[in-house]
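Q: Structure provided below as structure tokens; questions to follow.
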């Protein structure tokens, strides 16, 4: 089993939308290709034998030489790594700007001038490198990126993701409407389509099977485009509907029903449509390959058609409560209750002030509480289990990757996080260099209920310092010793 490795301890993941599963005393083995080859829950060493010897017996290979790392329970546990279903890579360095502006003013005054800088490929590489590195540090091993409208810069983003080992969907943003985009930051229809085709070719050239990086069609939103460009993007979606296997096409993403100002402008520009779902469906950009960001102001028609077509939703609580002109929150409870399960979390950096999915989880708690209050109790608040699902397996379903990542299953890639919530060493309980949040342990903490309590504390109080290891396909992308950064 050369190249394989194993961990023994607690695993926490989602198998359904509603409840986490806690696997204690569990052995998980990762093979030399980075896939999970075995999972043995409730495995205890046989009488008088070491764990390693017991593993050899279980595998029916007494001579198996397999390095096993024991996790301390309940302070250490493994979880699937995070999936960010909506993030703007060129906005990484402008996070936090433009508070108090409505969405279209925020784009005109803050975002477009900043994104225009990505005509400089050296600048693009610098920012994109920092963006991807920070994502991995925060435990985001898969990200769905909007790039700028610049084709060379978007190809650099593809290369950076591949070089640094982050799974990614990368889209060249399309913006060709002269009435809604500034002269310094727009393109004509031919360039928008040709650039998108070039990015698709580049992704295929550097990663033919799409194991790590895939292209995604990216009309910024309908009002930034024209009927002509949406038509051409729809043709590309049809042309590439089986690029990565039967039914596994090049996906598409856009901002969907994000703010009333945007919705009004969209329906005014595209006469004859009464909802955004019909508009995108008309152009062939509304189906099981679609990633719809925000969805804060869905009409009943939109919601019904999202379910019918199997679209994915990127819930972005940070940006929806800070930038855009109001405190908005997607109707996640209504969607879940209606059987929509393709829901993930998005940081929406830089509309979102943080690139941390952990922050997104906590904000999802807050906006879920707000929806319950505003609805008079009709929309029940979200459980932590449901929010954790969105950060992991739900995001995988949005991006149609649930057969590869998002939970711990034999045959899936080992994209995982090692969480450490242990106390500081007694010799330095208040040492300022000690990294991470810790939680007090008591006699009950080692029970299943106690382990769940530690998990809850991590979700609500932890940060990237508690992520002591990050793996992508079994390869370590972050490794810190507890107490040192």
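Bear in mind these aren't lab numbers, they're just calculated from the coordinates by the rules spelled out. Model, not experiment: these values are computed from the prediction. Positions of Cβ are generated from backbone atoms using ideal geometry, with glycine treated the same way; all protein chains shown enter the neighbour counts.
Q: Based on the Cα gyration tensor of the range 17-109, what are the three equivalent ellipsoid semi-axes, each the root of five times an eigenvalue, rounded to whole Å and given largest first?
A: Values for the range 17-109, descending: 47, 15, 12 Å.
Q: Starting with the highest mean, order 382-395, 152-165, 179-192 by the number of other Cβ atoms within 10 Å, averaged over the residues of each peptide.
A: 382-395, 152-165, 179-192
Q: Which one, [x] 26.5, 88; [y] 22.7, 77; [z] 32.4, 116, gives Rg and Dmax of the Cα atoms in Å as derived from the coordinates shown?
A: [y]
Q: Let me ask something else. Given that compact globular proteins tend to follow 2.2 N^0.38 Å, what is the ratio of the alpha-carbon Rg of the range 132-281 to that value?
A: So the range 132-281 has a normalised radius of gyration of 1.06.
Q: Run the numbers for residue 243 and residue 191: contour at 0.36 nm per residue of separation, minus the present Cα-Cα distance, in nm.
A: 16.5 nm
Q: If packing is taken as the mean number of other Cβ atoms within 10 Å per residue, what is the order of 13-22, 309-318, 36-45, highest first?
A: Peptide ranking by packing, descending: 309-318, 13-22, 36-45.
Q: Please determine, in degrees from 0 to 90 and to the nearest 10, the orientation of helix 121-137 with respect to the longest principal axis defined by the Cα atoms of the chain, where the helix direction is its Cα long axis.
A: 40
Q: Relative to the longest principal axis of the chain, what angle (0 to 90°, nearest 10) does the C-alpha long axis of helix 357-374 take?
A: With both axes taken from Cα atoms, the answer is about 70 degrees.
Q: Report the label-to-label distance for residue 130 and residue 307 in nanometres (one decimal), using points 7 Å from each Cα along the Cα→Cβ vector.
A: Modelled inter-label distance: 4.4 nm.
Q: Would you mind ranking 119, 225 by Cβ crowding within 10 Å, fewest neighbours first?
A: 119, 225
Q: Using Cα atoms only, what is the angle between the long axis of helix 300-309 and the major principal axis of the chain, expressed in degrees (0 to 90) to the nearest 10?
A: Its long axis makes an angle of about 60 degrees.
Q: I would also like to ask the following. For the pair residue 369/residue 205, report the inter-label distance in nm, with labels modelled 7 Å from Cα in the Cβ direction.
A: 5.1
Q: Starting from the Cα-Cα distance between residue 53 and residue 282, subtract it from 0.36 nm times their residue separation and give me the gain in nm to one decimal.
A: Taking residue 53 through residue 282 to full extension adds about 76.3 nm, to one decimal.
Q: By how many nm would the segment from residue 119 to residue 179 grow when fully extended, if each residue of separation counts as 0.36 nm and the alpha-carbon distance is taken off?
A: 19.4 nm
Q: If you don't mind, another one. Per the helix-only calculation at 222 nm, which mean residue ellipticity applies to the chain, given -39500 (n - 2.57) for every DSSP H run of n ≥ 4 and division by its residues, nearest 500 deg cm²/dmol?
A: -9500 deg cm²/dmol
Q: So how far apart, in nm, are the two label points at residue 337 and residue 60 if each is 7 Å from Cα heading toward Cβ?
A: In this crude spin-label approximation the distance works out to 5.1 nm.
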